[in-house]
Ligand SMILES: Nc1ncnc2c1ncn2[C@@H]1O[C@H](COP(=O)(O)OP(=O)(O)OP(=O)(O)O)[C@@H](O)[C@H]1O
């Protein structure tokens, strides 16, 4: 399963740094392609997750980023690892902040101030800015050392600003990455923050504002965080830990661990000598995963406490809520039966399409399994943990469809539910919406649907604001949409929006090799005893000859019917449904057969039933035995007539002569 992300940055330096940051977080789970505007850009980017290093990039790349891409504009933050250098600048000094654009320089100054680094006066500087205030103590820059005016000697490189934790979470959410990745990242992030806290803990009074800021960050983390030195004295004890242990940080900080904690097992675990380990502990009836690691440089042990129930519950609650609404996909590729080359190929293609984000149009006759494929595609996609919402356009009246799809605001129309209603598009957010029987949708609704797909936004009926949505669209139809476009019944622009990717499900008659598998599977499901589980050869042969206009569904229904009427007996021809789609038509044609032809056909049918192979020589013999000898030549003429009437097929060479289902019906009805 390939997850890909395209990083677009302004400069090579930013590209490199952010790329390595992303790589360190996502490892091999997400493939990262990165480009810098100052180098070269790809021609177009379609259907991808794009991360802009800054909103300033947008203008420069908008020509190449297609609307079907999902764009995340990264929030950037000061690289914590370098920040302590700023503390060496004396209070009240003038500092030039150097960057390639005025906006990024101003932006960074804002971040620094927000971090509490406001003990100096900042002046933004970029290459087109001629004016450099006098009395500049130092120039700081996020990696743009060569842009610093030459007369300034004190240069501080604070490194390229990194992508912040919230942006990372957005990426994690987009790919629906497993919980463990976000947890691991949060842990690493926590570790960095603690690292910095430690670094600063011995700094002068000037650092106190920064420490206060960091305390806010450490406190804001959802896990309990504890740090203590080699001497056993606690140095970090965040708010979450206060809450979960019921001990105040004021009491804990500065005290030896054994005076604060009274859980012996936990104490022993925390004081272990190994570098890193995990263990579960129950604290006040709540299970926690405690992750402990050693920070060598600081000679400090750090432990994070994660509430296991909460993490699992959150995921469970989400799934239960989806299940309650029925918004989950039920089938995987394993549920799609069949061993024929055609179905194997179709599954293979579908599996590959599942890995992309683009809309898919599934085309196939009734009952071929289009819905089954839509479910399986969702299951194999990165959206598997999000809703799968299906709507059938042929099942609901027009006005209901509109409110179902888009929702409505309170009081949008008479009878509208109080408080309004979320539409299916909104409910499917983050997941997949399956638009079944798309060929049955009215022209008016087509226009509305088109707008939603173009903008990826919905507006509720009676609503005023557009709600952005993130859904993958899978549509299906048994209609010939190009013909409908020709006749003005279907919008061509909508067709192209839906048919970015295309999947054709073959009719059952084109994959008759699958019929025995289906029979076996369906009989296993329906039959009441062992003997019903095996279909006799003649019936199997007959089944293989059917045109199966209703495809797998029809086959399934026929078998279910036969089991019901057979009353526990083995299945026989007589149990076939009487209204079997083409039976009536066949009967009418059968009546025109003259006795001479019927005699020959009877011979052919008997040979077929005896499984002895059908040849003219055998028929000569058979006719003699039945007191009506015919010559080979006579048989040739009559057999061609029978073939013409569709009772038999005359193959060349080894293929030999065979009967058709018409013959089966002919004798069954006598
Ligand atoms: N390859 C398959 N393996 C197992 N069951 C199948 C397969 N194909 C179809 N079916 C079964 O046949 C029935 C019809 O399938 P499905 O509803 O997916 O078809 P469809 O093409 O969406 O039909 P329609 O166009 O009539 O809505 C279902 O009961 C489904 O389980």
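The values are calculated or read from the model by the stated rules, or taken from the named source; none is laboratory data. Just so it is clear, the structure is predicted and the values come from calculations on it, not from any experiment. Reconstructed Cβ throughout: ideal geometry from the backbone, glycine too, with neighbour counts over all protein chains shown.
A few notes on this one:
- Residue that is within 16 Å of the ligand (Cβ to nearest atom), under 39 Å from the mean Cα position of the chain (by Cα) and modelled with pLDDT of 85 or more, where the choices are 544, 556: 556
- Residue within region 333-350 that is within 20 Å of the chain's Cα centre (by Cα), within 7 Å of the ligand (Cβ to nearest atom) and not in a helix (DSSP H, G or I) present: yes
- Failed item, numbered, when residue 359 is tested on (1) within 16 Å of the ligand (Cβ to nearest atom); (2) within 19 Å of residue 479 (Cβ to Cβ); (3) buried (at least 20 other Cβ atoms within 10 Å of the Cβ): (1)
- Flag for residue 463 being more than 16 Å from the ligand (Cβ to nearest atom), assigned to a loop (DSSP other than H, G, I, E, B) and at pLDDT below 90: yes
- Within region 262-279, restricting attention to residues that are in contact (Cβ under 8 Å) with a residue 12 or more places away in the chain and farther than 18 Å from residue 293 by Cβ, the residue that is surrounded by the fewest Cβ atoms within 10 Å (Cβ to Cβ) is 265.
Each row is one residue, and each column tells you yes or no for (1) in contact with a strand residue (DSSP E or B) (Cβ under 6 Å, 6 or more places away or on another chain); (2) under 30 Å from residue 174 (Cα atoms).
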position	(1), (2)
476	yes, yes
500	no, yes
524	no, no
538	no, no
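- When residues in region 390-403 are screened for being within 16 Å of the ligand (Cβ to nearest atom) and over 21 Å from residue 334 (Cα atoms), 6 of them pass.
- Residue check for residue 234: at pLDDT 85 or above, in a strand (DSSP E or B) and not assigned by TED's automatic domain parsing to the domain that holds residue 87: yes
- Filtering region 10-40 to residues that are farther than 28 Å from residue 381 by Cβ and surrounded by 15 or more Cβ atoms within 10 Å (Cβ to Cβ) leaves 10, 11, 13, 14, 15, 16, 17, 36, 37, 38.
- Tally, over region 130-173, of residues that are part of a loop (DSSP other than H, G, I, E, B), farther than 19 Å from residue 111 by Cβ and either under 33 Å from the mean Cα position of the chain (by Cα) or touching a residue at least 40 places away in the same chain (Cβ under 8 Å) (or both): 4
Quick grid of which residues meet (1) outside the structural domain of residue 559 (by TED's automatic domain parsing); (2) at pLDDT 80 or above; (3) in a helix (DSSP H, G or I):
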site: 599; (1), (2), (3): yes, yes, yes
site: 602; (1), (2), (3): yes, yes, yes
site: 606; (1), (2), (3): yes, yes, yes
site: 611; (1), (2), (3): yes, no, no
site: 622; (1), (2), (3): yes, yes, yes
site: 627; (1), (2), (3): yes, yes, no
site: 633; (1), (2), (3): yes, yes, yes
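- On the stretch given as region 362-389, residues that are within 16 Å of the ligand (Cβ to nearest atom) and either assigned to a helix (DSSP H, G or I) or modelled with pLDDT under 90 (or both) total 11.
Conditions (1) closer than 30 Å to residue 538 by Cα; (2) part of a loop (DSSP other than H, G, I, E, B); (3) within 16 Å of the ligand (Cβ to nearest atom), marked per residue:
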position: 445; (1), (2), (3): no, no, no
position: 449; (1), (2), (3): no, no, no
position: 474; (1), (2), (3): no, no, yes
position: 479; (1), (2), (3): no, yes, yes
position: 485; (1), (2), (3): no, no, no
position: 494; (1), (2), (3): no, no, no
position: 511; (1), (2), (3): yes, no, yes
position: 515; (1), (2), (3): yes, no, yes
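- Within region 88-117, the residues that satisfy the criterion of being in a loop (DSSP other than H, G, I, E, B) and in contact with a helix residue (DSSP H, G or I) (Cβ under 7 Å, 6 or more places away or on another chain) are 91, 99, 100, 115, 116, 117.
- One residue stands out in region 519-535 among those that are more than 16 Å from the ligand (Cβ to nearest atom) and either in contact (Cβ under 8 Å) with a residue 24 or more places away in the chain or loosely packed, with under 15 Cβ neighbours inside 10 Å (or both): the one that is farthest from the chain's Cα centre (by Cα), namely 531.
- Residue check for residue 330: touching a helix residue (DSSP H, G or I) at 6+ places or on another chain (Cβ under 9 Å), in a helix (DSSP H, G or I) and within 13 Å of the ligand (Cβ to nearest atom): no
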